[in-house]
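One structure is given here, and the rest of the page talks about it.
The values are calculated or read from the model by the stated rules, or taken from the named source; none is laboratory data. Every value quoted in this text rests on a predicted model; they were computed, and no experiment measured them. Note that we place each Cβ from the backbone using ideal geometry, even for glycine, and neighbour counts take in every protein chain shown. With ligands, DNA and RNA removed, areas are computed over all heavy atoms of the protein, side chains included. Shrake-Rupley method; radii C 1.70, N 1.55, O 1.52, S 1.80 Å.
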Amino acid sequence: MRKALIVKEVKELLRDRYVLFNIIVMPVLMVFVLGGLTLAASQSGGGEEGDEGEAALVILDPGDRYASILAQTLGWKVFSSIEEALESSDIVVVIPEGFGDALESGRPAAIMVYARIDEPSLAEAFKPGDAIGFVEDVVRLVLASERGLDPAVVLNPVVVDNVYLYDGRVLSLADLGYMIGLPLLAGFVAFILGSVVAQVGAISIALERESRMVETILSMPVTRLEIALAKLASVTLIGFIAVASFEAGFVAYMYMALETAPPEAGGEALLGQIASGIVDYMSSRPGALGFLALTSVLAAVNMAILGLVVGVLFAGDIRGATTSTGLIVIIAAAPVFFEMFIPGGSAPAWLNALFHASPIYYPFMMMKAYTAGDYGTTAIYIGVEIIYLALASAIASRLMGSEAMLYGARRAPGSIIKPVMLDVWKKRGR
Amino acid sequence: MYTVVVEEVRKRFGSVVAVSGVSFKVAGGEIYCIVGPNGAGKTTTLRMVTGLIAPDGGRVEVLGGDPLKMSVEKRRRISYLPEDAGVYKNLSGIEYLEFVAGVYARSSVEAREMVERGIELSGLGDALGRRASSYSKGMKRRLALAAALMVEPEVVVLDEPTAGLDVSHALAVRDSIISYVRSSGASAILSSHNMLEVEYICSRVGLISRGRIVDEGSPEELKARYEGRNLEEVYVKVVGGVS
């Protein structure tokens, strides 16, 4: 591959204001937008899940006065062992020995909450949220009434230790945090990187056309494949600048989430736990970072190729490039967001099949399978993504070597429809 | 020895016949001009000569080979200046010349020599350090022509090389082409609407109309054959006036 081609591409792209906006400003904005969406989705998801079923109460000290008040007030089934309670309900609140003593001495009392979840997702992580809220409210009201206080001044009367039961395993909130957080991060990185490289790829074609350089470059002593590869390499390289911007924004956002996290299991707290989970997991397993990089590269290269194809076919100018790729990116990202926020298996079969057409769906699913320890499924997703890559490369290099590169934009829908409409309008005028 | 041979070449775009049997040959040291009205098939013919598009029928041979299947090494010996060619707007003039040299040259020494030639041919001086987005149309054209000639091609294809240029720029471009072909012995094929230009620089002229070469010869031969005082009169007699 010619160095001159790559140098030219990188200089030309990095000096374009649309590209600069896309790779530096956009990713940081996206972190805050996506972060807000995640928070909103997780909070709404928690409410819905919590309303679904009644929790069970396990009282380990039958003589505990406060535990008895809870049992009478909440009206949940009461058990003496956790195993029995889990047979009856998906959410089990355990009141340990010493609960009442802690409250009487003015200290926050510890409780354990077991939640059986169907899959590691934000909605499932919030499943015990309402049960915890009910326990806290009852304890707060009882303490306030006993001490003649306004309930609003009784802060954080209980400390919660969340335990999740998933696929025969016992997980802490931090464990669940990385299982949710890493696929989320992979999905976000794939989305940001994918949308940026797709746009930049299409813009690189549009810049050739706007500069009226298509014929010149196609007549030069370089193969079409070299032209395509140079574009791919430079676009992917530029995409990683966007990822750096995204990661800077992500770190800032997570730092803010950790700093502002209140102790109760609210949305910010969960984001904080996810952040802690990711940090702990990455520290203990450096391979996870490498896997994140692999999923990102695969997503980037696939979306760059998609951007080049869209550019060849539809991008007559930069505006055309951004408009056409914007639509493609929304379609490609939809499955990832669906999987992120809605529990799996809820989509109809035909929609699930459509999801698999998106090149940025796989990085998310790969990471989900990887963090869940399902390496077989991970390998299948990697294989499919590579096949996808090979097919997309073949299509892109064929397009680069065809007359579509010369005439594509002129045959784009807008360029075809306009003259036809004009012709019809003129005929009617006569 | 002909460097370019075009025989009965045809090309159609959908229902539109762009070229319907064009034939001509060009030898080394010759400047062959294709002259004809808009839509006559000049640009399509030149694109087929450079291998950008495939003919539907007929034969094109450049430097002894099919331009569509030409190796990268052979393609180094051909240069093309499209009709509306620009330059990369975010690169400076000198960066553009370096890019073209980087693609054509086999070594960094050769690339440096090419860039030196390009600087001289363009005549843009200090303006080469500025981004091309600030250039006038004439400056862009001179830079693009300099890039096309600095690589010292054996076959240079120029589509309307002076279109839109003012008198002094057009004169400089014409002189560059003549000087290059005379000094290198290269073959040049160019298209033009400007009959004065054609008479001034072309060794032979092919008059094209509705996708066919309707007559061919040196400017002097054509003037004698059609009893025209200049090529403009010949052009009107052969191709026809405004309908």
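If a residue has to be hydroxyl-bearing (Ser, Thr, Tyr), over 30 Å from B:ILE53 (Cβ atoms), in a helix (DSSP H, G or I) and open to solvent by less than 40 Å² (accessible area, probe 1.4 Å) to count, how many in region A:352-404 make the cut? Residues flagged as hydroxyl-bearing (Ser, Thr, Tyr), over 30 Å from B:ILE53 (Cβ atoms), in a helix (DSSP H, G or I) and open to solvent by less than 40 Å² (accessible area, probe 1.4 Å) within region A:352-404 amount to 6. Checked against the criterion of being over 23 Å from A:LEU313 (Cβ atoms) and open to solvent by 10 Å² or more (accessible area, probe 1.4 Å), the candidates A:ARG209, A:ARG147 yield just one match: A:ARG147.
Within region A:117-155, the set of residues being hydrophobic (A, V, I, L, M, F, W, C), part of a loop (DSSP other than H, G, I, E, B) and modelled with pLDDT of 85 or more comprises A:ILE117, A:LEU149. For region A:86-116, a residue qualifies if it is surrounded by fewer than 21 Cβ atoms within 10 Å (Cβ to Cβ) and assigned to a strand (DSSP E or B), and the qualifying residues are A:ALA110, A:MET112, A:ARG116. Any idea which residue in region A:150-173 is nearest to A:VAL31 (Cα to Cα), counting only those that are among the aliphatic types (A, V, I, L, M) and open to solvent by less than 30 Å² (accessible area, probe 1.4 Å)? Filtering first and then ranking leaves A:LEU173. In region B:77-94, of all residues being over 16 Å from B:LEU52 (Cβ atoms) and facing another protein chain (nearest Cβ under 7 Å), the one that is surrounded by the most Cβ atoms within 10 Å (Cβ to Cβ) corresponds to B:VAL87. For A:GLY45, the conditions (1) at pLDDT 85 or above; (2) away from chain B (no Cβ under 14 Å) are fulfilled apart from (1). Taking region B:109-145 as the range and being in contact with a Lys or Arg (Cβ under 8 Å, 6 or more places away or on another chain) and open to solvent by less than 10 Å² (accessible area, probe 1.4 Å) as the test, the residues that pass are B:SER122, B:ALA132. Of the set (1) within 17 Å of A:GLY307 (Cα to Cα); (2) surrounded by 23 or more Cβ atoms within 10 Å (Cβ to Cβ), all apply to A:PHE246 but (1).
Quick grid of which residues meet (1) at pLDDT below 90; (2) in the same structural domain as A:ALA110 (by TED's automatic domain parsing); (3) small (Gly, Ala, Ser):
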position	(1), (2), (3)
A:GLU54	yes, yes, no
A:ILE59	no, yes, no
A:ASP64	no, yes, no
A:GLN72	no, yes, no
A:TRP76	no, yes, no
A:ALA85	no, yes, yes
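The residues of region B:30-76 that are in a strand (DSSP E or B) and open to solvent by 20 Å² or more (accessible area, probe 1.4 Å), listed by number, are B:GLY58, B:ARG59, B:GLU61.
Residue-wise test of (1) out of contact with any Leu (no Cβ under 8 Å at 6 or more places or on another chain); (2) in contact (Cβ under 8 Å) with a residue 60 or more places away in the chain.
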{"position": "A:ASP161", "(1), (2)": "yes, no"}
{"position": "A:ARG169", "(1), (2)": "yes, no"}
{"position": "A:ILE205", "(1), (2)": "no, yes"}
{"position": "A:GLU210", "(1), (2)": "yes, yes"}
{"position": "A:SER219", "(1), (2)": "no, no"}
{"position": "A:LEU225", "(1), (2)": "yes, yes"}
{"position": "A:ALA233", "(1), (2)": "yes, yes"}
{"position": "A:ALA242", "(1), (2)": "no, yes"}
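Residue count for region B:51-65, restricted to those that are within 12 Å of chain A (Cβ to nearest Cβ) and at pLDDT 95 or above: 1. If I filter region B:8-28 down to residues being open to solvent by 40 Å² or more (accessible area, probe 1.4 Å) and not charged (D, E, K, R), which single residue comes out as nearest to the other protein chains (Cβ to nearest Cβ)? Only one residue fits best here, namely B:PHE13.
Restricting attention to region B:66-76, the residues being at the interface with chain A (Cβ under 8 Å from one of its Cβ atoms) and either of a type in the set (S, T, N, Q) or touching a residue at least 60 places away in the same chain (Cβ under 8 Å) (or both) number 1.
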